[in-house]
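Here's the structure we're looking at; comments come further down.
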Amino acid sequence: MANVYTSADQIDFTLKELPAMPVPQKVMMVKPTYFDVTYVINPHMSGHVGMVDTIQAGNEWNSLLDGFKELGFEMVVLDGQEGLPDMVFCANQSLPFCDERGDKKVIMGIMYTPERKEEVPFIEQWFRQNGYEVYHLDEKKVNAFEGMGDGIWHFKRQLLWGGYGIRTSFDAYEQISNILDVPVIALELKDERFYHLDTCFCSLDEKSVLIYPNAFSTEGLSMIHALYENVIEAGIDEAEKLLAVNAVAPDGKNVLIQRGCTDVNNKLLDHGFNVHEFSTDEFLKSGGSVFCMKLLLW
Ligand code: ARG
């Protein structure tokens with residue numbers, strides 16, 4: 001039975017009651033060979049068509065790859081495809097899942113914009129060859145679902161935080177909740193600058209989350225506060241211009257984040273996280289940073 005929560009008073013579980021989810025050990029990245037800004041599908045891309053320094057982008061991508069390697073992650077590197085400049089943002093085409101027994105499943109995305117639809121089969125092929133049970137949403141009922149751009153796992157728990165309203169339809173979460181048998185906390189997004197949940201919500205560890213609060217409705221914020229002890233807030237400048245919240249804490253301890261997020265970094269350090277800064281300047285021109293340039297896997 002689908003379990004999609006839309007207000008704090010509906011929450012009828014505690015985190016401890018939810019089955020565990022193993023910490024990911026692998027990280028997928030897609031080579032930036034064909035990365036560019038050639039169209040505008042989010043406000044960050046506007047004014048940046050043709051402005052990407054591809055050599056610099058390649059260097060930034062390599063440094064991020066090394067950052068994950070240094071933390072001990074096994075890297076899965078896929079080739080980019082000509083004509084699909086946004087495929088490098090490989091958090092968006094799928095939602096991988098692993099249960100407490102180690103069974104792996106993946107729900108493939110339905111991209112909202114025609115420009116990105118052809119990316120999905122390339123990513124799906126990897127899952128088919130690597131032991132994941134592959135699921136598709138019913139396209140008659142669901143208009144769009146942009147994978148881990150909008151669906152974010154609670155650290156170590158089988159609980160999904162699901163953004164909807166801009167790139168993902170609310171209806172996606174009923175199907176996802178049924179397929180994976182997990183509860184989903186649905187968070188409405190309305191501000192186009194924060195078009196994916198991963199631009200305003202970063203799951204840090206079981207008790208902590210980093211958010212840009214103004215991207216959420218009152219109901220959304222109250223659900224976040226109901227389940228997280230530590231809600232760390234980013235200010236508008238770092239959240240919008242540096243996509244500070246589009247960071248990742250793959251092991252619940254080390255945070256990889258765009259460089260220069262001084263205020264957010266101080267708050268993360270105060271909460272005991274290690275901060276690793278990377279330049280993703282070229283990718284910011286497309287509206288993406290660290291979180292969406294990778295996909296966590298098992
Ligand atoms: N240009 C891409 C798009 O608009 C950027 C995606 C960044 N991904 C993310 N999860 N925020 O689709």
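The values are calculated or read from the model by the stated rules, or taken from the named source; none is laboratory data. Model, not experiment: these values are computed from the prediction. Neighbour counts are summed over all protein chains in view; Cβ atoms, including those assigned to glycine, are modelled from backbone coordinates with ideal geometry.
Counting residues that are more than 15 Å from the ligand (Cβ to nearest atom), which helices (runs of 4 or more DSSP H) fully inside segment 212-298 reach at least 3?
Filter on segment 212-298 gives 218-227, 236-241, 262-270.
Evaluate the following for residue 140: is it more than 22 Å from residue 29 (Cα to Cα) and surrounded by fewer than 19 Cβ atoms within 10 Å (Cβ to Cβ)? Break it down stepwise before answering.
On the way: more than 22 Å from residue 29 (Cα to Cα): yes; surrounded by fewer than 19 Cβ atoms within 10 Å (Cβ to Cβ): yes.
Judged against the criteria, residue 140 is a match.
Residue by residue, here is whether (1) among the small types (Gly, Ala, Ser); (2) within 12 Å of residue 246 (Cβ to Cβ) holds:
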| position | (1), (2) |
| --- | --- |
| 187 | no, no |
| 196 | no, yes |
| 200 | no, yes |
| 207 | no, no |
| 217 | yes, no |
| 224 | no, no |
| 227 | no, no |
| 234 | yes, yes |
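Of all residues in segment 258-281, count the ones that are surrounded by 24 or more Cβ atoms within 10 Å (Cβ to Cβ) and touching an Asp or Glu at 6+ places or on another chain (Cβ under 6 Å).
Number of matching residues: 3.
Could you go through segment 137-144 and let me know if any residue there is assigned to a loop (DSSP other than H, G, I, E, B) and within 16 Å of the ligand (Cβ to nearest atom).
There is at least one residue in segment 137-144 that is assigned to a loop (DSSP other than H, G, I, E, B) and within 16 Å of the ligand (Cβ to nearest atom).
Run down 38, 14, 54 and say which single residue is over 30 Å from residue 223 (Cβ atoms), at pLDDT 95 or above and away from the ligand (no atom under 13 Å from the Cβ). Steps first, answer last, please.
On the way: 38 fails: away from the ligand (no atom under 13 Å from the Cβ); 14 fails: over 30 Å from residue 223 (Cβ atoms).
When all the criteria are applied, what remains is 54.
List every residue pair whose Cβ atoms lie under 8 Å apart, where the two residues are 6 or more positions apart in sequence or sit on different chains, the first residue falls within segment 149-173 and is assigned to a loop (DSSP other than H, G, I, E, B) and of a type in the set (D, E, K, R), and the second residue, located anywhere, is more than 16 Å from the ligand (Cβ to nearest atom) and at pLDDT below 95.
none
For residue 49, indicate whether it is among the β-branched types (Val, Ile, Thr), surrounded by fewer than 21 Cβ atoms within 10 Å (Cβ to Cβ) and in a loop (DSSP other than H, G, I, E, B).
Yes, satisfied.
Tally up the residues in segment 57-104 that are within 16 Å of the ligand (Cβ to nearest atom) and of a type in the set (Phe, Trp, Tyr), please.
Of the residues in segment 57-104, 2 are within 16 Å of the ligand (Cβ to nearest atom) and of a type in the set (Phe, Trp, Tyr).
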